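Structure first, commentary second.
The values are calculated or read from the model by the stated rules, or taken from the named source; none is laboratory data. Since the structure is predicted, the reported quantities are computational estimates derived from the model, not experimental observations. Glycine gets a Cβ as well: all are built from the backbone with ideal geometry, and neighbour counts include every protein chain shown. Areas reflect the complete protein model, heavy atoms only, side chains present, ligands, DNA and RNA absent. Shrake-Rupley method; radii C 1.70, N 1.55, O 1.52, S 1.80 Å.
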Amino acid sequence: TGELESAREALVQKIGENIGVRRIQVVNAENGVVGSYTHSNNRIAVLVSLAGGDGELARDIAMHIAAVNPKVNKPEDMSAEEVEKEKDIIKAQPDMAGKPDNIVEKMMVGRVNKFLKENSLVEQPFVKNPEVTIGQLVKDAGADVVSFIRFEVGEGIEVDKVDFADEVAAQLKG
């Protein structure tokens, strides 16, 4: 953390604005390859850890993650809480109303599977070649995705939304 603090202080001095580190994550390259990609807008950066493969493959996968933003690496990595949240959304859809329970259940299974496929890195069609999934791409290279992390500027910052008229009214009362 000493190196990080030194780099932070140097950047603060260079640009004249205070900077704080909000998120940090370590990606282990032991027995594998770590690749990175920073999008051209400098607002999205990705680190990918592979078992096997090479730097070019890791960079391609990192670029895919920057573009598509998967939630998890593999379908089984999706939290039960996230799946339940998605089931609630699906149940609330207008086309579910009035259908028999067995039909609703079949529709739920299909839609949950679709949700998992769309949000799991290894199930997604590769952005540079949609004919192949990321899972197949890494398998063909004799590799496996161990983990990934995607950072986006401003991600997770909650901004209070204040109604200007309410704010003025509150000041007039005070």
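Here are some notes:
- Amide H contacts of Val27 (H built 1.01 Å from N, under 5 Å, at least 5 apart or other chain): none
- Surface accessible to a 1.4 Å probe, Phe115 within the full protein complex, Å²: 20 Å²
- At 1.002 mPa s and 20 °C, Stokes D of the stretch 22-174 from Kirkwood alpha-carbon radius, µm² per second: 117 µm²/s
- Extending 7 Å from Cα along the Cβ direction at Ala45 and again at Glu17 yields two label points whose distance is 1.5 nm.
- Per residue value of the accessible surface for the stretch 1-69 (all protein chains in place, 1.4 Å probe), Å²: 66 Å²
- Trypsin sites (Lys or Arg not before Pro) restricted to DSSP loop in the stretch 28-101 with at most 16 other C-beta within 10 Å: Arg43, Lys71
- Evaluating 6.51 cos²θ - 1.76 cosθ + 1.60 at θ = phi - 60° for every residue in the stretch 81-90, the Karplus couplings come out as 4, 5, 5, 5, 4, 5, 4, 4, 5, 5 Hz, glycine and proline recorded as x.
- Whole-Hz couplings from phi, Karplus 6.51/-1.76/1.60, listed for the stretch 34-46; x for Gly and Pro: 10, x, 9, 8, 10, 5, 4, 7, 6, 10, 10, 9, 9
- Greater than 27 Å apart at Cα, pairs in Lys74/Lys128; Lys106/Lys128; Lys85/Lys128; Lys91/Lys139; Lys106/Lys139; Lys71/Lys106: Lys106/Lys128; Lys85/Lys128; Lys91/Lys139; Lys106/Lys139
- Under a Gaussian network description of the chain, with springs only between Cα atoms under 10 Å, the residue in Ile44, Ile65, Ile24 that fluctuates furthest is Ile24.
- Of Asn73, Asn113, Asn18, the one that fluctuates the most in a GNM where the chain has Cα springs shorter than 10 Å: Asn18
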